[in-house]
1. Can you tell me which residues in region B:1-30 are buried (at least 20 other Cβ atoms within 10 Å of the Cβ) and at pLDDT below 80?
2. Condition first: surrounded by 16 or more Cβ atoms within 10 Å (Cβ to Cβ), part of a helix (DSSP H, G or I) and modelled with pLDDT of 50 or more. Now tell me which residues in region B:361-376 satisfy that.
3. Taking only region A:230-243 into account, find how many residues are at the interface with another protein chain (Cβ under 9 Å from one of its Cβ atoms), crowded, with 18+ Cβ neighbours inside 10 Å and of a type outside the set (Val, Ile, Thr).
4. Which one of these does A:Pro83 not meet: (1) open to solvent by 10 Å² or more (accessible area, probe 1.4 Å); (2) within 14 Å of chain B (Cβ to nearest Cβ)?
5. Among the candidates A:Val271, A:Val313, which residue alone is β-branched (Val, Ile, Thr) and within 10 Å of another protein chain (Cβ to nearest Cβ)?
6. Has region A:53-74 got any residue that is under 19 Å from A:Asn179 (Cα atoms) and either in the same structural domain as A:Gly314 (by TED's automatic domain parsing) or at pLDDT 80 or above (or both)?
7. Sort out for me the helices (runs of 4 or more DSSP H) sitting completely within region B:79-132 that have 1 or more residues that are more than 13 Å from the chain's Cα centre (by Cα).
8. Tell me the residue from A:Leu269, A:Leu246, A:Leu168, A:Leu265 that is of a type in the set (A, V, I, L, M) and either surrounded by fewer than 24 Cβ atoms within 10 Å (Cβ to Cβ) or at pLDDT below 80 (or both), please.
There are 2 protein chains.
Amino acid sequence: MGVLEFTGNLTHQTVVPLAVFVAILCLCLVVGHLLEENRWVNVSITAISIGFISGTAILLLTKGKNSHILRFNEELFFIYLLPPIIFNAGFQVKKKRFFHNFFTIMLFGVTGVFISTLIITVGSRWLFPELGFIGLTAKDFLAVGTIFSSTDTVCTLQVLHQDETPLLYSLVFGEGVVNDATSVVLFNAIQKIDVARLNRWTSLQVIGDFFYLFATSTALGVSIGLLTAYLLKILYFGRHSTVRELAIMILMSYLSYMLAELFELSGILTVFFCGILMSHYAWHNVTESSRITTRHIFAMMSFVAETFIFLYVGMDALDIGKWKITKLSFQKLTGIYCTIVLLTLLGRAAFVFPLSLLSNYINRRAQSASSITFKNQVFGFLTKSLISHLLLPNTLNKSNCRQEPRSPREDITLPLLSFEESASTNILRAKDSLSMLIERPVYTIHYYWRKFDDTYMRPMFGGPHSGSSEC
Amino acid sequence: MGVLEFTGNLTHQTVVPLAVFVAILCLCLVVGHLLEENRWVNVSITAISIGFISGTAILLLTKGKNSHILRFNEELFFIYLLPPIIFNAGFQVKKKRFFHNFFTIMLFGVTGVFISTLIITVGSRWLFPELGFIGLTAKDFLAVGTIFSSTDTVCTLQVLHQDETPLLYSLVFGEGVVNDATSVVLFNAIQKIDVARLNRWTSLQVIGDFFYLFATSTALGVSIGLLTAYLLKILYFGRHSTVRELAIMILMSYLSYMLAELFELSGILTVFFCGILMSHYAWHNVTESSRITTRHIFAMMSFVAETFIFLYVGMDALDIGKWKITKLSFQKLTGIYCTIVLLTLLGRAAFVFPLSLLSNYINRRAQSASSITFKNQVFGFLTKSLISHLLLPNTLNKSNCRQEPRSPREDITLPLLSFEESASTNILRAKDSLSMLIERPVYTIHYYWRKFDDTYMRPMFGGPHSGSSEC
């Protein structure tokens, strides 16, 4: 197996694009760092701009042939770039806060998509023929509805910061994850629907499908996370090598995503829950150096994948080939584009405001601090909707940067922590559990979960013992 | 850019092989760990065996269609798997020892390949027609000669351990790196040679080409290593993020390999020197957590890539397609195979023994401890030659495992360190430098290098100040 045998075969076709792309990626990191001091610019804007500039350069150098050097396809995105980003989000998410807001997240993620799909479908069916865009079937309109109802978690993670706007981050991101699952099941359900025989059972079946998909995807992620934790615990790799522990953690989390895709579940949901389980159990079973390394490896992979995506988006804007594919005129295209953006905004607005009110009403009964303010509804969700469709990301990100520091910091950790401490020291509180369940359901669930976790899960799968304040 | 749009397109064609392969890889890590206690088995054997078993299973499941699930091509190997392995080797190599043995390494790497190529070429030209294998031109025979003279550094790294047999490891590995460069240039030179007009100038030109390739590849690796160190130093990423430092280090080292391939240099040589420079300068410019993380990331990537390769080798053994391609009879194939193995061994023996004698003679004048023992020549080099052609890896690795612990530990660090200390404290020694240069050339070069390094390089590119004992 001499090395030489193939060296001559490494074609320029593969080497040139990769070398150029890696070089641009490096440039992007350095420039992004230099511009970070500037509050008007963030990593995604830098990446998109550099991508656009290099796309222009390549377009001129290749004499108008193509603007992008790497063939970016769904595979590249879904097999290599998305899993590390979502896994890292699950791995680093503040678990306590995420599960505290679980009800709100589910409300937005599930009900929201249904409302949004309905509005976009009906709207496009009514408006597209007016614009002269005809020939779509009822199924196509339903597909358009689901596609534009799903939100992009990657953009969300870039725009919002977990530490600056904790409540908004966990809501928007959590909704994105649930949202994806809902969209996947809706889309699949629509492909199967016989439009001629639509009846009440169809929608019930879609809802049933959703719960099945949600449950199985979560169960797969949780199982693989627990399996990894158990494997690391019984084999105790630390005795021998950090290298093996790292490899096992990375490969197992990747496996969870691939298995979900294989079984046609929501890979995003699976890898997200796998990340949560890994950080909750598996992470405690490895050596100190593995712990430091994993935190940084996952963050780094996620960071590089994000930069890669934004860089590509900048390059892709100049893709002449894609512009030429359509036979529609520029005016018609603009009209359709604007209609979709408008309908998407409308679809989001239609569920964000009423559901926020509902969620606030329910939460206020429990605790007043965690309500969703009007500013959050406007800037957070609006920005995300728009950015997820890549409409003028520059100006919007800027406006978002300006608004974010002003948005109120929802400090919900303080009451939560003080409750925690008292719970672990004061046994008398246990007798109040029934009244607690009525008054503060989320806390009570959390309390019993902690008890279960400390008694059964942690001794089995690893993790620090009770009373620790990690979240 | 909703996530959903493409989800439906993720074909089973891509997902199934990846999921299966990742699962097997995980299995391999766990089984490899469990069997590690057993001294007769190592990671490569486990991987090859598991690969063979799963290959058989897949062959039976697909009813004899194919035994391997991933299309393994040169690109996968040379673009994704080889760079991390060689980079990690450069990053973790004991630099002091490597450069101490530089003369010996060059002697084996350069002269060895020339001798070996000559023997294999002449031998195959004489023996192949005897076996009834005709139709090859003079150029083909020369190509066969170069191909089987290049050695596989990956196998070497698996069989030998830096800590157990330090001298042998650095010699064999170092030779492998240099050897690759020599083979690449010889192979390219042969493709250009006009066999009808062979004269004295041809060989001179080949030698000239080699030095050009060696110098440029090294220079590229060194430049990128220094550039990375300088970038990290002036930008001081640590203030902001470990993530960026990690990304820069990984991407820059990968870039060095891709650029070398782009300019048709030896990527292996480049990325190896880039690794050395990174660990010498760049590594000292990053935060503490980055330092821990990089060491483990690189080792982990290298480990996974190695396991991947061995796993594939096991699967590939059953590849029916490749066996069917040839029109030659089984007996003829066996004859040719044996001839090549024999000639390769002969080719290696022809330069390993005389050159070891020469090297020992020269080194003995300087220092007696670093000589190459007969046992090293026999077991080390013989094993490598055979393993690099994948001949009965099981039994050979076993015999190697048995022999290695017995081979004498060449403790050359002790005199080196004691000299070091005295050099840094005793200024009087400086006046002896001329006589030192004559008596102990390697030490003197090292001494002056350290002075230059401390005075000019480290203040510029980073690194600990003089007197430190890191190597």
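1. Listed by number, the residues that qualify are B:Gly2, B:Val3, B:Leu4, B:Thr7.
2. Within region B:361-376, B:Asn363, B:Asn376 qualify.
3. To start, the set of residues in region A:230-243 that are at the interface with another protein chain (Cβ under 9 Å from one of its Cβ atoms) comprises A:231, A:235, A:237, A:240-243.
Narrowing further to those that are crowded, with 18+ Cβ neighbours inside 10 Å: A:231, A:235, A:237, A:241-243.
Applying the additional criterion that residues be of a type outside the set (Val, Ile, Thr) yields A:231, A:235, A:237, A:241.
Adding up the residues that qualify gives 4.
4. Among (1) open to solvent by 10 Å² or more (accessible area, probe 1.4 Å); (2) within 14 Å of chain B (Cβ to nearest Cβ), A:Pro83 violates only (1).
5. Working: A:Val271 fails: within 10 Å of another protein chain (Cβ to nearest Cβ).
Answer to the check: A:Val313.
6. So in region A:53-74, the residues under 19 Å from A:Asn179 (Cα atoms) come out as none.
No: region A:53-74 contains no residue that is under 19 Å from A:Asn179 (Cα atoms) and either in the same structural domain as A:Gly314 (by TED's automatic domain parsing) or at pLDDT 80 or above (or both).
7. Numbers: elements: B:82-92, B:95-100, B:102-106, B:112-127.
Per the criteria, B:95-100, B:102-106, B:112-127.
8. Details: A:Leu269 fails: either surrounded by fewer than 24 Cβ atoms within 10 Å (Cβ to Cβ) or at pLDDT below 80 (or both); A:Leu246 fails: either surrounded by fewer than 24 Cβ atoms within 10 Å (Cβ to Cβ) or at pLDDT below 80 (or both); A:Leu265 fails: either surrounded by fewer than 24 Cβ atoms within 10 Å (Cβ to Cβ) or at pLDDT below 80 (or both).
The conditions single out A:Leu168.
The values are calculated or read from the model by the stated rules, or taken from the named source; none is laboratory data. What you are looking at is a predicted structure, and each value in this text was computed from that prediction instead of being measured. Heads up, the Cβs are rebuilt from the backbone with ideal geometry, glycines too, and the neighbour counts pull from every protein chain shown. Each accessible area value is taken on the protein alone, full model and side chains, heavy atoms only, with ligands, DNA and RNA left out. Shrake-Rupley method; radii C 1.70, N 1.55, O 1.52, S 1.80 Å.
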